[in-house]
Amino acid sequence: MEAQVLSKTYEPGAVEDKWYEYWMERGFSRADTDSTKAPYSIVIPPPNITGSLHMGHALNNTLQDIVIRFQRMRGFNVLWMPGTDHAGIATQNVVERKLAEQGLDRHGLGREKFIERVWQWKEQYGGVITNQLKKLGASCDWSRERFTMDEGLSEAVREVFVRLYHEDLIYKGNYIINWCPRCRTALSDLEVEHDEESAKLYHLAYPLKSGGGLITVVTTRPETMLGDTAVAVNPKDDRYLVLIGEKVILPILYREIPIIGDEHVDMEFGSGALKVTPAHDLNDFEIALAHGLEMVKVIDEDGKMGKEAGPYQGMDRFECRKKIVGDFERDGTLLKMEDYRHNVGHCYRCKTIIEPTLSKQWFVRTKPLAEAAIQAVTDRRTKIIPSVWEKTYFEWMNNIRDWCISRQIWWGHRIPAWYCEKCDEIIVSKEEPHSCSRCGGREFRQETDVLDTWFSSALWPFSTLGWPKETEELRVFYPTSVLITGFDILFFWVARMMMMGLKFMGDVPFRHVYIHALVRDIQGRKMSKSRGNVIDPLLVMKEYGTDAFRFTLAAFAAQGRDICLSEERIEGYRHFANKIWNASRFSLTNLADFRGIAHEVDFHEMSLANRWILSRFNETVREVTEALEEYRFNEGAQAIYHFIWHEFCDWFLELIKPVLYGKDDQQERTVTQYVLMRVLDGALRLLHPFMPFITEEIWQRLPQEGKSIMIADFPRYDGGLRDEEAIGDMDLVMRTIGGIRNIRGEMDIAPNKRLDVLLLAEEDGIRERLEQCRKYVIHLARVDRLSFITSGQKPRDAARAVLRDMEILVPMGKGLDLEGEVRRLKKEIHKVEKDLEIADRKLSNDEFISKAPEEVVEKVKLKKEALLIREKKLRESLGKILEIQGSTLSKGGR
RNA sequence: AGGCACGUAGCUCAGGGGGAGAGCGCUACCUUGACGCGGUAGAAGUCGGCGGUUCGAAACCGCCCGUGCCUACCA
């Protein structure tokens, strides 16, 4: 017998890289456009090239890999399309910071040189995250890896831009946008984070032009008063009605501005009079448009006061605020200052306070695109899972606003628009134009703005497949099967892919959208570097093994919104991996001399243990398959966990040990080896999507011919293996053994002491069934002699366990702990009585009898009968014990 | 301000209209020839509170309390 040499514990570090390389070298994850198999595809949410693997990536990609491996094993032609995102602002910031360390800045370098530097940086560090994904086991088709700025994708971006522009779905316009003075770029609404902050609410008095009156306005940003071009009041407001049409003298600058009536003004808030600063507030901007007001920009791109700011020119906006407040105070026109909490917008990248600013930007007209995207989800061409997110999706889509897509940075897709040097005509085309369509001029300057990073991301599901070319990839793999992502980018990304996919492909980009939770720390906080609460997935993988980590993520994936990762859980699943390892070690040792079976064995001829485990395995196949089909990762994980540990290891392996060790029945031994082999192999396959590495490591040692478990068939449910009788008989065995063990525990009997056990089973068939599996009971409960008795033969001095269909007695002689036994029996009687009470209450309720479904009533009746029998037996037993106790006492035994 | 989640054993969390579950932790015992990263047994919860629907609610509905998140142009 050649012994397999396996170490006593599973060491993940030693095998993970080896198998990943093996898979990749042999191209097991490669998709094939010529395949006759049905296609199954997922596009990865492309991580930023600046990124390094965090918990969110780990969860997201683990779930994708589980689905991908599952579907691949089920026989689909699988494509998992990988790639990375150029991450405009983020990447530019990183490189700028690096330059700053060398005392350089991008302006000194110039645009071209700077972009060159970014590409260099990308070559050097951009692959970090993809290597980390490989560590995680992600079975992407790396031969197709794409980057949002590579040539093909850039062409797709230009194509889309040009087509949208010519359909008037992209326009350039003056608008108030979110400006980050530090990044010096416009941001979309989504890129602004709102946080509640403490501030002051200033009450400022503006003098009326006609005579000595004053009107009070209220603001949190006094410095913007320099750009005020009106004061607005609600036309329904009696206090101010007469003032509408009057003029106000703007303090400090002494500009005349009108008092206007506008219904948007809230009469309840502050004084009910609103200072209108169209160039620095969205709301004011809209009022100004409606009333044809002037728009005066007083804050510049760098956050400093501009030339319209009069005496404050050149000051930082917050310094200016202090100064102006001081000036008002001095003049006695600062009427009040109160504490106030309100939301302030911050740049999502650098946390600088956003300055709403009037600016000329490029926009996508989103409403026409959104209609189709709403329709596609309404009629379920794309299904959002879990469906609660549909509501959020609709809410946003229905209230969508035009999308500001231009960014004043350098790293990104430069907008394909050119301005004629002679007449300023805008020409939008994929390549630089030859001559101006209006004046025939031949000199052009290209638009300097680049596109929002999410613009190229929106095209990802088809641009990565080769669009605008008509490729085989598009034909086979579009629409993709599912998109798996966190809810934090539902609007940023999912919604926009829906719009673009429908617009340019004429079909939804994915059939399903599965939204998973975000990973938070143990206090439920979002993990972030600044909070210092990050758990580094790479360290976790190193310490506990990738498989244990992946399994933990899958097991946690149920929660709606949050996953608070606990290291104890990961440790628990490391133990699970080790358990699998050792069960396999045991199995392999005992399979060493297995040479296969001569001919197929009839399932119904097999031993109880064999039929039972095959039947249970089969059920587990069904559970795991159904769970994964519906993205219920935690349920799949739990089903396979329970099967392997608590059925395969706890019971099956223990049950078959005598068979494997014994030499007498070679036929049963061979069949059992066969079943062991089959179930172990099947369990590994079921587990493979969750734990790819350990399953491969073990599977390769099994006597089989396959190249890799990764491309082996996923087990299929087999109706022929369903065996209710085996399940029922094993239940009897397990309860009997449990009863004996319980007595052992309660009576404090040493585990290795062999017992004489008496079974009283008078019900029909129970005794016969138990007779057939007595060997299991004898072995696992460490029984010396197992005898069946009738109720007349009950010994007095026995510890007993009363089950619903039998009694287990262990004669104890003098060793019987009378008091302990009395206590235990009383406790059980109490429990039974309580259950009886509940059953009685139900059965004596006429309405229950008449209204509850028949099977429920029947169930309660049966239960009551069983309880009554059990109660009777327990009382009998108690009586016996008390009798002994009484006689012992009367003999003066105490 | 609106909206959406969540509140179940000491901890982390499943489940979900008819007998309260798992893992970890805890207690006791066990080096039984795969595994002490193990085994066996055990203790432990008025399923956030109050109402309602129902024959029956931990689950469905309403309100309240607590927590978290998302959306929003109240200066």
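Could you list the trypsin sites (Lys or Arg not before Pro) in region A:563-640 that lie in coil according to DSSP, counting only those with at most 14 other Cβ atoms within 10 Å of their Cβ?
On the way: sites: A:569, A:574, A:579, A:585, A:595, A:611, A:616, A:622, A:632; in loops: A:595, A:632.
Those that pass, being in a loop and sparsely packed, are A:595.
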Pairwise centroid distance, computed over Cα atoms, of region A:168-189 with region A:536-581, Å = 43 Å
request  = Evaluate the relative contact order of region A:1-132 (contact order divided by residue number), counting alpha-carbon pairs under 8 angstrom at least 6 apart; express in whole percent.
outcome  = 31 percent
query = Can you give the helix-only mean residue ellipticity at 222 nm for chain A, where every DSSP H stretch with n ≥ 4 adds -39500 (n - 2.57) and the sum goes over all residues, rounded to the nearest 500 deg cm²/dmol?
reply = -13500 deg cm²/dmol
remark   = Under a 1.4 Å probe, counting only protein heavy atoms, residue A:388 has an accessible area in Å², nearest 10, of 100 Å²
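So if I place +1 on the C-beta of Lys and Arg and -1 on the C-beta of Asp and Glu, and nothing else carries charge, what would the dipole magnitude of region A:711-801 be about its Cα centre? I want it in debye, nearest 20.
On the way: 16 positive and 17 negative charges, 118 e Å.
The dipole of region A:711-801 has a size of about 560 debye.
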task = List every residue whose amide H lies under 5 Å from the amide H of residue A:244, counting only residues 5 or more places away in sequence or on a different chain, with H placed 1.01 Å from N in the peptide plane.
result = none
Length-normalised contact order of region A:279-412 in % [C-alpha pairs under 8 Å, at least 6 apart] = 20 percent
key: For region A:738-877, with +1 on Lys and Arg beta carbons and -1 on Asp and Glu, the positive-most of A:740, A:761, A:751 along the dipole   = A:751
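So, with +1 on the Cβ of K and R and -1 on the Cβ of D and E, and no other charges, what is the size of the charge dipole of chain A about its Cα centre, to the nearest 20 debye? Don't skip to the end; give the middle numbers.
Numbers: 126 positive and 139 negative charges, 400 e Å.
Roughly 1920 debye, rounded to the nearest 20.
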request  = May I ask you to derive the relative contact order of chain A, considering only C-alpha pairs under 8 Å and at least 6 residues apart, and to give it as an integer percent?
outcome  = 12 percent
message = How much of the DSSP bridge set in chain A is antiparallel, in percent, rounded to the nearest 5?
response = 70 percent
key: Top positive-direction residue, dipole computed over region A:631-725 with Cβ charges, set A:711, A:679, A:721   = A:711
query = When only DSSP loop residues count, what trypsin sites (Lys or Arg not before Pro) in region A:282-341 have their Cβ near at most 16 other Cβ atoms within 10 Å?
reply = none
query = Taking one equal scatterer on every alpha-carbon of chain A, how large is log10 of I(q)/I(0) by Debye at q = 0.06, 0.07, 0.09 1/Å?
reply = -0.63, -0.77, -1.03
ask   = Once the Cβ-Cβ distance between residue A:634 and residue A:163 is put in as r, and R0 is 45 Å, what FRET efficiency do you end up with, to the nearest 0.05?
value = 0.55
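Efficiency by 1/(1 + (r/R0)^6): what FRET value for residue A:582 and residue A:771, r their Cβ-Cβ distance, R0 = 56 Å, to the nearest 0.05? Mind showing how you got there, number by number?
Working: r = 34 Å, r/R0 = 0.60.
The formula returns an efficiency of 0.95 here.
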remark   = Distance in nm between residue A:571 and residue A:833 label points, each 7 Å along Cα→Cβ, equals 4.4 nm
inquiry  = Taking only complete DSSP H runs, can you tell me which helices of chain A stretch 24 Å or more along their own long axis by Cα positions and average at least 1.6 on the Kyte-Doolittle scale?
reply    = none
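For a Förster distance of 25 Å, can you work out the FRET efficiency between the beta-carbons of residue A:255 and residue A:448, rounded to the nearest 0.05? Each step should come with its number before you reach the end.
Details: r = 33 Å, r/R0 = 1.34.
Rounded to the nearest 0.05, the efficiency is 0.15.
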inquiry  = Rounded to whole Å, give me the distance from the Cα center of region A:650-676 to that of region A:752-817.
reply    = 25 Å
remark   = Per the charge dipole of chain A (beta-carbon charges, Lys/Arg positive, Asp/Glu negative, Cα centre), the residue among A:613, A:92, A:252 reaching farthest to the positive end is A:613
ask   = How about region A:662-758: which GluC sites (Glu not before Pro) there lie in a loop by DSSP and see at most 12 other Cβ atoms within 10 Å?
value = A:705
key: Within region A:635-756: Cβ-based charge dipole about Cα centre, in debye rounded to nearest 20 (Lys, Arg +1; Asp, Glu -1)   = 360 debye
task = Convert each backbone phi in region A:338-343 into a coupling constant with the Karplus relation 6.51 cos²θ - 1.76 cosθ + 1.60 (shift: θ = phi - 60°), then list the ³J(HN,Hα) values in order as whole Hz, x for Gly and Pro.
result = 10, 5, 8, 10, 8, 8
query = For chain A, which longest stretch is free of loop sites, where a loop site is one of the chymotrypsin sites (Phe, Trp or Tyr not before Pro) that DSSP puts outside H, G, I, E and B and that has at most 11 other Cβ atoms within 10 Å?
reply = A:270-894
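The values are calculated or read from the model by the stated rules, or taken from the named source; none is laboratory data. Owing to the predicted nature of the structure, the values given are computational and were not obtained by experimental measurement. Note that we place each Cβ from the backbone using ideal geometry, even for glycine, and neighbour counts take in every protein chain shown. Heads up: the accessible areas ignore ligands, DNA and RNA and are worked out on the full protein's heavy atoms, side chains in. Shrake-Rupley method; radii C 1.70, N 1.55, O 1.52, S 1.80 Å.
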